[in-house]
Each structure stands twice: as C-alpha cells, then as structure tokens.
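Enquirer: The structure follows.
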Amino acid sequence: MPRSRLLTSDDWPEAELRAAVLAGELVPVGPCWASPAEPQTPALRAAAAAWVLRDGRLIASTLTAAWIWGAVSRPPAPLEVCVPPQVRVHVDADVRLREVRIDLRDTVRLGALRVTVPARTAVDLLRTPGTAGGRFGCAEASAVAGLLATGATSAAVVLERLSALGTVPMVRQAERRLRDVQEAAQPPTDDGPVSPR
C-alpha cells in the first residue's frame, strides 16, 4: 500500500505539525500538511478534504470544489458539500451540506472523494443566493474568476450550461454575474492622459 503524501493530526500532534510549518519542513494543505516539495495538485487537495469528509456519498462542491481545482488558495470554513435529495447523511459542524439535484456526470472522483467538475462548480457558485444586501460575494466571484483564469473551464462552457438550465431560479442573475466577473478580470485600458478642457 502506498504511503500517503499527506500528514494529519492522526499522524502527529497538531502542535508538532504547525511547528514543522514554521520550520519550513511542511506546508498546510487545507486541514492536512505535506512536504513543500509535494506538487499541490487537485488530487492532493481532494485527499486533504476527504480526510474531513469521510462519507463517500458527500460531493465536494462550490468553494470547496473551487479550492480543489486550484481556483482559490484556501478551502472555505466550513467545507462545502452536496448530496442528491434522496441521500441522508450526518455531517459535523465543520461541514456545510446542501441537497441538490446532481447528475453523476457533473462529478469526478479524485481518490476517495467525489468533486463537482469545474463547469458545474462555476454554475453553482454563480447561482449562489446573494450575501448581505443581495450582493454576489467576493469569495464566489474570486472562485469563478480563478476557474476561468486557470483554464479549468471557460466562460463559453459556463454560459452554455446556464442556458441549458432554462427557467431555473437564478439563471439570468448568474449570467450577469459571469459577465461582471469577466469584466473585472479584464486589464484596465490605458487611453493616455486626459487633457484638461
């Protein structure tokens, strides 16, 4: 059996793991730790999330999936997962669970953990109900921008998926949010100095 590339508080006391981070011997990977030489791949981040999400029926989604795909630098707290409506599971307080209609083709298995594919992740983030004041949250916008910037998915694919949803709630707002994310990612144009009138 291959040795895990991750260390957890099951292996060493957390204080020793954190001391190893300060010494430069380890780096945090979500709730786990790894060698600084270890490539930070989706599979490694999924393995770290799976250490917390031990039930194989849970699907990493939204901000957790965005972190696994490398779109954001840190996992959310709490971790975010989903399950189909007919599945009944118990999760701890450090996990946010949503019941959603999901086709298994919208997921991929990375080791022990099932994760929403990047395009589905972006659609779910764009359709997230607004935060205080009805605004699209910065965390969600950054995650969508990261998914697009890393090439994990494209705006065209996300728009196609949103269009296929038809009249499902939040689709038109999600399309507007996607345009806003794309506009924010455009570098500012330098039209030169403005001459005084």
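Enquirer: Name the one entry in A47, A34 that is open to solvent by 40 Å² or more (accessible area, probe 1.4 Å), in contact (Cβ under 8 Å) with a residue 24 or more places away in the chain and either touching a strand residue (DSSP E or B) at 6+ places or on another chain (Cβ under 8 Å) or of a type in the set (S, T, N, Q) (or both).
Expert: One residue alone meets the criteria, A47.
Enquirer: Which ones in the stretch 5-41 are among the hydrophobic types (A, V, I, L, M, F, W, C) and touching a Lys or Arg at 6+ places or on another chain (Cβ under 8 Å)?
Expert: Initially, the stretch 5-41 is screened for residues among the hydrophobic types (A, V, I, L, M, F, W, C), giving 6-7, 12, 15, 17, 19-23, 26-27, 29, 32-34, 37.
The answer is V29, A34.
Enquirer: So which residues in the stretch 127-161 are at pLDDT 95 or above, among the β-branched types (V, I, T) and open to solvent by less than 50 Å² (accessible area, probe 1.4 Å)?
Expert: V144, T153, V158, listed by residue number.
Enquirer: Another question, then. Restricted to the stretch 12-31, and to residues that are closer than 21 Å to V115 by Cα and without any contact (Cβ under 8 Å) to a residue 40 or more places away in the chain, which residue is surrounded by the most Cβ atoms within 10 Å (Cβ to Cβ)? Even if it seems obvious, please write down each step before you answer.
Expert: We begin by selecting, within the stretch 12-31, every residue closer than 21 Å to V115 by Cα; these are 28-31.
Now drop any that are not without any contact (Cβ under 8 Å) to a residue 40 or more places away in the chain, which leaves 28-29.
Details: P28: 14, V29: 22.
Result: V29.
Enquirer: Let me ask another. Taking the stretch 90-101 on its own, how many of its residues are open to solvent by 30 Å² or more (accessible area, probe 1.4 Å) and at pLDDT 90 or above?
Expert: 5
Enquirer: I'd like the full set of residues that are assigned to a helix (DSSP H, G or I), farther than 13 Å from R127 by Cα and β-branched (V, I, T), limited to the stretch 150-180.
Expert: Across the stretch 150-180, the qualifying residue is only V157.
Enquirer: Considering each of P169, P78 in turn, give the residue that is surrounded by fewer than 17 Cβ atoms within 10 Å (Cβ to Cβ) and over 12 Å from A60 (Cα atoms). Quick ask: steps written out before the conclusion?
Expert: Details: P78 fails: over 12 Å from A60 (Cα atoms).
On inspection, the qualifying residue turns out to be P169.
Enquirer: Shifting gears a bit: Quick one: in the stretch 1-11, of everything that is closer than 22 Å to R114 by Cβ and open to solvent by less than 80 Å² (accessible area, probe 1.4 Å), which residue is nearest to the chain's Cα centre (by Cα)?
Expert: Only one residue fits best here, namely L6.
Enquirer: May I pose another question? Which pairs turn up if I take residues in the stretch 135-161 that are farther than 18 Å from V117 by Cβ and in contact (Cβ under 8 Å) with a residue 60 or more places away in the chain and look for partners that are open to solvent by 30 Å² or more (accessible area, probe 1.4 Å) and of a type outside the set (S, T, Y) with beta carbon separation below 8 Å, at least 6 apart in sequence or on another chain?
Expert: Filtered contacts from the stretch 135-161: A139/V72; S142/V72.
Enquirer: Does the stretch 105-126 include one or more residues that are open to solvent by less than 20 Å² (accessible area, probe 1.4 Å), outside any loop (DSSP other than H, G, I, E, B) and in contact with a Pro (Cβ under 9 Å, 6 or more places away or on another chain)?
Expert: Yes; the residues of the stretch 105-126 include at least one that is open to solvent by less than 20 Å² (accessible area, probe 1.4 Å), outside any loop (DSSP other than H, G, I, E, B) and in contact with a Pro (Cβ under 9 Å, 6 or more places away or on another chain).
The values are calculated or read from the model by the stated rules, or taken from the named source; none is laboratory data. Keep in mind the model is a prediction, meaning the values are calculated, not measured. Every residue, glycine as well, gets a Cβ built from its backbone with ideal geometry; the counts of neighbours run over all protein chains shown. Please note that ligands, DNA and RNA were not included when accessible areas were found on the heavy atoms of the full protein model with its side chains. Shrake-Rupley method; radii C 1.70, N 1.55, O 1.52, S 1.80 Å.
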